[in-house]
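See below for the structure under consideration.
Just so it is clear, none of the values below were taken in a lab; they were calculated from the coordinates. What you see is a predicted model; the values in this text were computed from it and never measured. Cβ coordinates were reconstructed from backbone atoms using ideal geometry, including for glycine residues, and neighbour counts include every protein chain displayed.
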Amino acid sequence: MANTPTQPRSFRLPKTTLQLLDRRASQRGESANQLARRLLDEALRTDEHPLIYFRQGPSGEREPALIGTRLRVAQVIQTVRASDGSAGRSARYLDVEPRQIQACLNYYADFREEIDAEIAADSEFEAQAGASA
């Protein structure tokens, strides 16, 4: 999302919402525009995929994860791939419900490039960690 081109759009928001936005942006050390963009993007994705939430990852980037767990969507997708595409086996291995695996697969279908980039970054990190061990 960081390098996605933007287009201007005007919204009318209540004064209290703008105050909350400004205060939170100041606390996080980012602009109100950056924060509003991220929050709106995450809210729309969560609205479309209610079993997915966003959390701060170790790198500081926001990551989509499976609600009720600490599992990132990328981890679930990697497990499904390692299970020859079996959602059932993946659910048993991860100790989650099959509907939770399906929620991650649905999110992946909509945001494949982002999740694939996260998986590639994970693989690169693991390779570097293995080389330094």
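Compute the projected area of the convex hull of the Cα atoms of the range 51-132, averaged over all viewing directions, and report it in nm² to one decimal place.
5.5 nm²
Once you put a point 7 Å from the Cα of residue 47 and another 7 Å from the Cα of residue 61, both along the Cβ direction, what distance in nm separates them?
2.6 nm
Quick check: Cα centre of the range 100-133 to Cα centre of the range 32-64, how many Å?
Rounded to whole Å, the Cα centres lie 17 Å apart.
One-quarter of the Cα convex hull surface for the range 1-114, in nm²?
The number I arrive at for the range 1-114 is 8.4 nm².
Report the calculated FRET efficiency for residue 32 and residue 81 (r = Cβ-Cβ distance, R0 = 41 Å), to the nearest 0.05.
0.55
Helix 15-28 versus the longest principal axis of the chain: what is the Cα-based angle in degrees, 0 to 90, to the nearest 10?
Roughly 60 degrees between the two axes.
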